[in-house]
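Notes to accompany the following structure.
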Amino acid sequence: MQSMSARLDYDQKPEKTMDGALVSSYMCSPESAAQEFEISHQLYHMLTGRSQPKAREVVMYRILQSFQPGEVTPEQANHIGYELAMRFTGGKHQFVVATHTDKAHIHTHIEFNSVNLDCDGKFKNVKGSALVLRRLNDELCRENGLSVIEHPARNSKAHRERAAIKYGNSFKERLRQTIDRVLPASTDYEDFLARMRAEGYEVKETAHTISFREPGRERFTRSFRLGDDYTLDALHDRCAHRRRRSVEGKAPVQRPSGKKVNLLIDIQAKLDAGKGAGYERWAKIFNLKEAAKTLNFLIENNLTDYDELTARAERAGENFDASSERIKRLEARLSKVKQLKTHIINYSKTREVYAAYKKSRHKKEFLERHGDEIAQHEAAKKAFDALNGKPIPKVAQLSDEYARLLAEKQAEYERYKAYRQEMLTYETVKQNVDRILGAELAQQERQMER
């Protein structure tokens, strides 16, 4: 959900879309598209009872459409992107179209919901979907007098690797993401390697290559196999660039106050698991640094009493749990509001069909032709009966309530993120203090035994 929101927020950045003028959508609001997509999936699971393992669950599909520089206006590009999304989805899926003008070539991001508008089926991304999309795109470009790529180059990435990335099982993609996350916070190349080890990766260097081994994998992965941005020289250059920017004051490295505290490493357990002397030396240095950060945190937050630290950790956990419960309640109500709204719309659409069905003398044949409409009508009637005599609300009222609940959820989610970070920080600090105190007690006991 967070990744989907981030993706849609990026697509709709004002500086890229002429202050939002180049953002259009179908059957959803661009500002709340992520939440609406998520609720559609919840309704889909509820109505069909079908589900996928989390690693294989596709919530949203993305299309990127680029144009030859100088051939198209931004407004025309957005119109073509909208038409492409409509033809490709058949008008059965919500989508958002955002055209970017911040590059030399105008390009459009299209994100569409994998669940259909009725929340009873999903987009089938069959083997030939990409070819169908390309043909639709070329057809649209020709209709608008634009050029097309007559002989597109084949994608050189292996099919197995693409499938692994798609379903989140690619160890190469995980390594790329870890490097991209760790490197910007590193002060230099050595610090980058230390941070990679802290992530659990083993590092092996030669004169011309660097390799990483993910925990649980048998073999090392040479970094140059990840792409041109991950060769040994490229990693050195990226680290040097970060250092230059820090020295010049363009992107200063954030230090002490608020710096994340990491959990101390259980060195003996790692040694028992087969780690060597080199890892032991690095882990001791890492633990010293994290112990210093733990002490700084205690001083900055005026925590000199262990009981007070425990109390704050418990309060942080309680705040997080309470916020989580509030979000769950809001999500449950949002789901009910949307479902009731769907029933009201379906009831109105299928009323005449259902009346004809009741009058028909050949109900079996009628049901075969209009089974879906009749099922929708009966489901709506059942939902209205569950109101226990309360008046059926207007669609406009439900839309207003949905918007209000969505705003409440968004505000609560910001508090939820802050509470979660606070809880994790206090739990980490407390565990570090417990480990440090435990080590000191063990040392005192050994001295007394001597």
Residue 183 passes all but one of the listed conditions (1) crowded, with 17+ Cβ neighbours inside 10 Å; (2) more than 25 Å from the chain's Cα centre (by Cα); (3) aliphatic (A, V, I, L, M); the exception is number (2)
Filter the stretch 42-99 for residues that are among the hydroxyl-bearing types (Ser, Thr, Tyr) and either on the phi > 0 side of the Ramachandran plot or within 20 Å of the chain's Cα centre (by Cα) (or both); the one that is surrounded by the fewest Cβ atoms within 10 Å (Cβ to Cβ) is 51
Of those in the stretch 54-102 that are among the hydroxyl-bearing types (Ser, Thr, Tyr) and part of a helix (DSSP H, G or I), the residue nearest to residue 133 (Cα to Cα) is 89
Those residues of the stretch 118-147 that are within 30 Å of residue 49 (Cα to Cα) and either outside the structural domain of residue 58 (by TED's automatic domain parsing) or assigned to a loop (DSSP other than H, G, I, E, B) (or both) come to a total of 10
In the set 127, 122, the lone residue that is surrounded by 16 or more Cβ atoms within 10 Å (Cβ to Cβ) and under 30 Å from residue 372 (Cα atoms) is 122
| said: Take residue 176 and tell me if it is modelled with pLDDT of 65 or more and not β-branched (Val, Ile, Thr). | reply: yes
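For residue 364, state whether it is assigned by TED's automatic domain parsing to the domain that holds residue 337 and either on the phi > 0 side of the Ramachandran plot or loosely packed, with under 13 Cβ neighbours inside 10 Å (or both).
yes
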Of the candidates 406, 424, the one satisfying the condition of being touching a residue at least 24 places away in the same chain (Cβ under 8 Å) and in the same structural domain as residue 358 (by TED's automatic domain parsing) is 406
Residue set 219, 197; condition in contact with a strand residue (DSSP E or B) (Cβ under 8 Å, 6 or more places away or on another chain) and assigned to a loop (DSSP other than H, G, I, E, B); output residue 219
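The values are calculated or read from the model by the stated rules, or taken from the named source; none is laboratory data. Owing to the predicted nature of the structure, the values given are computational and were not obtained by experimental measurement. Neighbour counts run over all protein chains shown; Cβ positions are idealised from the backbone, glycine included.
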